[in-house]
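Values in this text are rule-based calculations from the coordinates and carry no lab data. Keep in mind it's a predicted model, so treat the numbers as computed, not measured. Glycine also receives a Cβ, built like all others from the backbone with ideal geometry; neighbour counts cover every protein chain displayed.
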């Protein structure tokens, strides 16, 4: 990537995520909104669809030659490319519907199977994480405007394996996840929704996030990029090799997000 392209990715991803977040919050502020079930029984709302339309339109203007894979456009799920942008316009729709605030806008650039740049914006939480042009991950302090505010470089923790800080899914936690977490010496275990779990590891607010459940690449790519830029790892659960992207059907295996000092068991 040229320096100019990297700067363009940082600027455009940030701007587009903020615009999508504003659209989402317009729906969220209403006293009621409609949610319906998709073919896989996952919920979708007007906010998902409006944010997706905005993101795709803006990405097409800035990156006309880069294919875009997005959760809400099934035709895009057959795309195969070495370089592509992958989008979840509203990750954590269950949290959105239940008004829990733990939902995010996710946009990532994948090159040769690796999410190299990404933005995660949690509009209800007013938290914004992204990878800069130089590859380092930052959290920007709000309020968020056209000009970026103060950026704090984020880094993963130096974990204490006798007192780990673990984060797990709020909506998808199950007995298998709890059994796996119980292999470790855990000081504190918290729950969070959407790709915010990746960001909690990236900032050092958690040491470890195990995911023993079904996810898709658009759920994880942006958070994965933020974790990598903060010095963390995202590994397959089965063989502890790096999680890669562009897999058939864009479906992930179980995975582990961690600061490198965590001793896996």
Under the √(5λ) rule applied to the eigenvalues of the Cα gyration tensor, what semi-axes describe the equivalent ellipsoid of the chain? Give them in Å, descending.
26, 21, 19
Given N residues in region 3-153, what is its alpha carbon radius of gyration divided by 2.2 N^0.38 Å?
1.02
Which order do 94, 247 fall in if you start with the one that has the fewest other Cβ atoms within 10 Å?
247, 94
Which of 14, 117, 214 moves the most in a Gaussian network model of the chain with Cα springs under 10 Å?
214
Ranked by Cβ crowding within 10 angstrom, fewest neighbours first, how are 160, 82, 207 ordered?
82, 160, 207
Reciprocal of mean inverse Cα separation for region 87-177 (Kirkwood radius, Å):
15.4 Å
For the chain, calculated [θ]222 nm from helices alone, where every DSSP H run of n ≥ 4 adds -39500 (n - 2.57)
-9000 deg cm²/dmol
Counting other C-beta atoms within 10 Å, which of 241, 76 has the fewest, and how do the rest follow?
241, 76
quick shape note, region 164-258: Cα extents on principal axes in Å, largest first -> 36, 28, 24
From the convex hull of the Cα coordinates of region 1-58, what is the mean projected area in square nanometres?
5.1 nm²
